[in-house]
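Read the figures in this text as sums done on the coordinates, not as results from a lab. Please read all numbers here as calculations on a predicted model, not as lab measurements. Positions of Cβ are generated from backbone atoms using ideal geometry, with glycine treated the same way; all protein chains shown enter the neighbour counts.
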Ligand SMILES: [Zn+2]
């Protein structure tokens, strides 16, 4: 399988997004190098090759689609810098990745609006809604949390989150720390709302 780190276009895009993600969200977790970027499957992901090394998987459909390459690489760059020993992401990390991929540029005019209108998976809308609440307390919330409390967002505790962002309500804290796979709990409990998540994305995409 071709390693796209050897492709100057893709690796240039990736390194640019990585630098911007570090600038916005604080340093990358130490000792977790990305060894390869490949086209594989139909869900983009940042996966572990072993205990330390990571691989970014872009979808097969991104092969011929520069806009998808950008949106996927920028999103996965956030997982790369936040990733600890586990492969899970919490809603706080997913919201950070979604927001970054929607606000880092450049895309062709109107591309992000199209992506939102095609319909994003509901877990992204939930993550966006919660992230919107988080950054309304302070714009650099994630950088602040990561540099003051836990670089690995997967290891952040509710107490640390309360300490870093006192303005955040208890249920918002609990929701942000749910694993992405438990997004439905946030909806059932009334902690997040799909429509309000979609509205946040529309605003970010402007
Ligand atoms: Zn993600």
Requested in this report: Can you give me the three principal axis dimensions of the chain from its C-alpha atoms, in Å, biggest first?
Outcome: 46, 38, 27
**Report entry** Stretch gain in nm, segment residue 139-residue 189, where the contour uses 0.36 nm per residue and the Cα spacing is subtracted
**Finding:** 15.4 nm
Requested in this report: Could you work out how far helix 91-103 tilts from the main Cα principal axis of the chain, as a 0 to 90 degree angle to the nearest 10?
Outcome: 60
Requested in this report: Given the options 156, 177, 49, state which has the largest fluctuation in a GNM of the chain using a 10 Å cut-off (strictly under) for Cα springs.
Outcome: 49
Query - Taking N as its residue count, the alpha carbon Rg of region 108-206 over 2.2 N^0.38 Å - result: 1.11
Report task. Mind ranking 127-135, 139-147, 67-75 by how tightly packed they are, going by the mean number of other C-beta atoms within 10 angstrom, highest first? Result -> 127-135, 67-75, 139-147
Report summary line: Here, residue 42 and residue 108, labelled 7 Å along Cα→Cβ, have an inter-label distance in nm of 2.2
**Report entry** Shape metrics for region 21-139, restricted to C-alpha atoms - Rg then Dmax, Å
**Finding:** 14.2, 40
Query raised in the report: Over the chain, what is the mean sequence separation of C-alpha contacts under 8 Å (at least six apart), divided by residue count, expressed as relative contact order in percent?
Result: 22
Query raised in the report: Pairing the Cα long axis of helix 194-204 with the longest principal axis of the chain, what angle in degrees results, from 0 to 90 and rounded to the nearest 10?
Result: 60
Query - In degrees, nearest ten, helix 8-25 long axis to first principal axis of the chain (Cα) - result: 20
Query raised in the report: Taking only C-alpha pairs under 8 Å that are 6+ residues apart, what is the relative contact order of region 90-206 in percent?
Result: 44
